[in-house]
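Asks: One structure follows; several queries about it will come next.
The values are calculated or read from the model by the stated rules, or taken from the named source; none is laboratory data. Note that the structure is a prediction, hence the values are computed from the model and not measured. Cβ: placed from backbone, ideal geometry, glycine included. Neighbour counts: every protein chain shown.
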Amino acid sequence: MKGGKLIVFSAPSGSGKTTIVRHLLNVPELNLEFSISATSREPRGHEIDGKDYYFISTKDFKQHIKNEDFLEWEEVYRDNFYGTLKTEVERIWAQGRNVIFDIDVVGGLRIKKKYPKETLAVFVKPPSVDELKIRLKKRKTESEEKINMRIAKASVEMATAPQFDFIIENDQLENALKEAEELVKEHISEKKSPTEKE
Ligand code: 5GP
């Protein structure tokens, strides 16, 4: 498969990585397209099927696992499956564009392992777990139970940060956005990778 670059942003839920990814998608020279994940969770608020996620049933998700359709997949929270379909990366690379992922730490590291040369893996670090809790509560999109589930996972996720290529501290959003832009610019301007066939 002839392809461009892969840019992974991973972080605990509520750390602001989605804001960073959205910002980068609006920088035309980065030539990025968002990898739309498949998930078995219910859509939230204004989320649109085929734009934010491919919302599919747990049954269909498990069928895709059986068919080996996923580049990576994860049961991020109990009974909530998330995964990147191989066809998604193929679709974006076929357009000659670079792929940007907003996925969990395990999935992010898996992509880095599969495509070490092509992938820039960035961990977005929130100021603290307490701050995460405040942000998740403000978002008002999840129940107390779901928020606690996400907070419990956050500490485990924070421990994986050193395995990423870069860590961005998101205490000042403006700085985080600038830093992210610079990192991606540098990565996509690097020479073509050896695994990429002409
Ligand atoms: P949310 O439910 O808040 O949209 O996402 C929950 C977590 O799942 C986030 O950390 C998000 O980045 C992650 N996630 C979204 N899509 C994928 C995916 O395709 N694979 C993996 N491994 N994680 C994903």
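Asks: For region 101-123, does any single residue satisfy the condition of being closer than 18 Å to K17 by Cβ, more than 9 Å from the ligand (Cβ to nearest atom) and loosely packed, with under 13 Cβ neighbours inside 10 Å?
Replies: Checked region 101-123: no residue is closer than 18 Å to K17 by Cβ, more than 9 Å from the ligand (Cβ to nearest atom) and loosely packed, with under 13 Cβ neighbours inside 10 Å.
Asks: Considering each of K137, K185, K146 in turn, give the residue that is modelled with pLDDT of 90 or more, assigned to a helix (DSSP H, G or I) and surrounded by 12 or more Cβ atoms within 10 Å (Cβ to Cβ).
Replies: From the options K137, K185, K146, the qualifying one is K185.
Asks: Test P116 against the criterion of being assigned to a loop (DSSP other than H, G, I, E, B) and at pLDDT below 85, and give yes or no.
Replies: no
Asks: May I pose another question? Out of the residues in region 79-100 that are among the hydrophobic types (A, V, I, L, M, F, W, C) and either near the ligand (Cβ under 7 Å from one of its atoms) or not in a helix (DSSP H, G or I) (or both), state the one that is surrounded by the fewest Cβ atoms within 10 Å (Cβ to Cβ).
Replies: In this case the residue turns out to be L85.
Asks: Restricting attention to region 124-178, which residues are hydroxyl-bearing (S, T, Y) and either within 22 Å of R78 (Cα to Cα) or in contact with a Lys or Arg (Cβ under 9 Å, 6 or more places away or on another chain) (or both)?
Replies: If the condition is that a residue be hydroxyl-bearing (S, T, Y) and either within 22 Å of R78 (Cα to Cα) or in contact with a Lys or Arg (Cβ under 9 Å, 6 or more places away or on another chain) (or both), then T141, S143, S155, T160 are the ones that fit.
Asks: Do you know which of the residues in region 124-134 that are crowded, with 17+ Cβ neighbours inside 10 Å and outside any helix (DSSP H, G or I) is nearest to the ligand (Cβ to nearest atom)?
Replies: Only one residue tops the list, namely V124.
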